[in-house]
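Report on the following structure.
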Amino acid sequence: MSDEQQTAQSEPPTPRRGRRRGRTRKRHIVARVLVTTVLVLGMVTGLSVVFLTRHLEGNVTVLDPTAQLSNRPDKVDTGPQEPLNILVMGSDARDGAGNNIDGLTGDGARSDTTILMHLSADRKHAYGVSIPRDSLVTRPDCKKKDGTTIPGGENEMWNAAFALGGPACTIQQFEQLTKLRIDHFVVVDFAGFRDMVDAIDGVEVCIPEDIEDPAHGISIPAGTRQIRGKEALNYVRARYTLGDGSDIGRIQRQQAFVAAMANKVVSGGTLARPDRVIRFLNAATKSLIVDPGLKSVFDMSKLGLGFKGIGLDNIKFVTVPWAYDTREGYEGRVVWLPEATNVWRKVRNDEPLSKRLSEGSIDAGNLPGATPSGSPGGSPSGSPSGSPGAGPRGSSSPDAEERAAAREAAGLCA
């Protein structure tokens, strides 16, 4: 690595403005699936028979990464009940039943979703902090299961850690960069996502134009309708032939889809149907890889009841403050801004996010698309760009125009 690159990495870059389509403040909807799942578990466990409980526990895959972690941060001592930090990761591994959706078995696994969920010790507040997969970081050394070391590196993509060493290396990376200790982790895979969609009889989407991507086996006609199964997976994976072709656009489309999915799960149409609840929980637990502390339905339900006591409307979601990298050769990558340190300090001290850090955040009960303010919009960096509110329906305010442009760039109906 050249001296110029090392110097550039050590200095906070200047946020790049303009020249970006699909400008959006990330909605962090993937974490809502976790919150929704543990809430449902918390609500129905008391009604579950022993057979169902044992069945759900038998679905869950347990992974203990303790031996692969080193130099771990200390836990924060806050009294009789401790705060919890839960790292949520999405896996696109092709191995396992139902995951080989495009013939790429053996191509490894990546994690395009990483969200820290923080639950306060007093169980009065919770928030999720999303980390863009394209973040350039200093990746620490980490260990494989056999004890061999995977060397770290400078200017490494955030999601490279998962590809190289799975959940353990992502946890090691997170803990070393933030000085926060992870208490639990959850990984969700392709097949589980598809089965959860099918368990609630599909999700409605609005597709503005035909999606044709022969290279990846994707063909979906335009229109507003319910999609499920492989078609739902193809929709959230599509990128190159929809919208502006950017990964940011795809992320926004994924978030809008999962928002609609979460809305359907917590609606009376699902919770009032025991068959749908059981199918959803069966699919959700089959898709999970968790640490030993979450191996039982009882443990998951306790976690879910912790979130239930706070209420979905009081669970906030933010993105770690970031900006596009301005260095030559790193176009399209992002770096954390100095304000990220304040976010991690708040988590470490078990404090609510300040008004400044949470400006522009959303809550888990405010699903995009439900109101004008739920529509996508925002700045091209992780810093707030003003009120997310909108004018009257049909107005041509700058905010409304920006949201419409963001939806178009993401390949969503305006």
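A few notes on this one:
- Residue pairs, from the table Lys143/Lys308; Lys230/Lys355; Lys264/Lys286; Lys145/Lys295; Lys286/Lys308, whose Cα atoms sit over 30 Å apart: Lys143/Lys308; Lys230/Lys355
- Thr66/Asp122 FRET efficiency (R0 30 Å; Cβ-Cβ; nearest 0.05): 0.60
- For region 54-84 and region 269-312, distance of Cα centres in Å: 17
Every number in this text was worked out from the coordinates using simple rules, so none of it is lab data. In this text, all values refer to a predicted model and were calculated from it rather than measured experimentally. Please note: Cβ atoms are built from the backbone with ideal geometry, for glycine as well, and neighbour counts cover all protein chains shown.
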